[in-house]
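All of the numbers you see were taken from the coordinates with simple rules; none came from a lab. This is a predicted model, so every value here is computed, not measured. Here the Cβ positions follow ideal geometry from the backbone for every residue, glycine too, while neighbour counts run over all protein chains shown.
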């Protein structure tokens with residue numbers, strides 16, 4: 001069965017009824033999996049708690065949408081996901097070795113423009129054989145993990 005893993009920008013696109021997203025969603029067979037990763041749910045929760053850009057009622061509506069649509073079948077990051085995460089980090093490191101081998105992994109990723117949450121989300125998509133829906137570039141990760149298909153339904 002074909003399926004998709006939605007990044008936070010696509011969850012938001014669904015909620016705001018982005019025209020491109022809605023068009024693609026209508027073309028998608030009903031039985032197609034539309035999932036999110038628990039990492040994405042964490043990103044959404046953090047954004048809800050720190051933003052003041054929208055009114056509280058709208059944030060509450062968004063939270064209700066996310067809970068009703070995704071919480072009960074979100075993909076958990078678990079012990080199996082770690083192997084995919086590890087492979088992605090190793091591929092990034094080998095393809096883009098730091099000048100100083102003692103450099104901390106997190107610092108090296110930041111310098112490469114890689115968000116560690118995106119690595120986890122990519123790992124979950126790879127583990128479950130899902131196409132990742134995102135409008136983020138994630139160029140370094142994409143080059144290192146051609147096994148994961150990436151689409152943008154927001155255009």
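Mind giving me the nanometre distance, one decimal, between the label points for residue 45 and residue 61, set 7 Å out from Cα along Cα→Cβ?
Each label point lies 7 Å from its Cα, and together they span 2.4 nm.
Which one, 84, 72, 62, has the greatest fluctuation when you compute a Gaussian network model over the chain with C-alpha springs under 10 angstrom?
Its mean-square fluctuation being the largest, the pick is 72.
At 0.36 nm per residue, and after removing the present C-alpha to C-alpha distance, how many nm does the segment from residue 79 to residue 100 gain when stretched out fully? If you can, show how the numbers build up before the last one.
On the way: separation 21, 0.36 × 21 = 7.56 nm, distance 3.02 nm.
This chain segment gains 4.5 nm when fully extended.
With a 10 Å cut-off between alpha carbons and a GNM built on the chain, which of 40, 54, 32 moves the most?
54
Using only the Cα atoms of the chain, what do you get for the radius of gyration and for Dmax, in Å?
16.3, 50
Which value in Å does the Kirkwood hydrodynamic radius of segment 81-153 take, with 1/r averaged over all unlike C-alpha pairs and then inverted?
12.5 Å
With n ≥ 4 as the cut-off for DSSP H runs, can you work out [θ] at 222 nm for the chain, using -39500 (n - 2.57) per run divided by the number of residues, rounded to the nearest 500?
After summing the helix terms and dividing by residue count, I get -17000 deg cm²/dmol.
Only Cα pairs under 8 Å and at least 6 apart count here; give the relative contact order of segment 23-155 as a rounded whole percent.
On the way: 98 pairs, mean separation 34.3, N = 133.
This gives 26 percent for segment 23-155.
If you build a Gaussian network model of the chain, linking Cα atoms that sit under 10 Å apart, which residue out of 93, 126, 14 swings the most?
In the Gaussian network model the winner is 93.
If I fit a long axis through the Cα atoms of helix 56-70 and take the longest principal axis of the Cα atoms of the chain, what angle between them do I get, 0 to 90°, rounded to 10?
Once rounded, the angle reads 80 degrees.
So what is the diffusion coefficient of segment 1-85 in µm² per second by Stokes-Einstein at 10 °C and 1.306 mPa s, using a Kirkwood Rh over Cα pairs?
113 µm²/s
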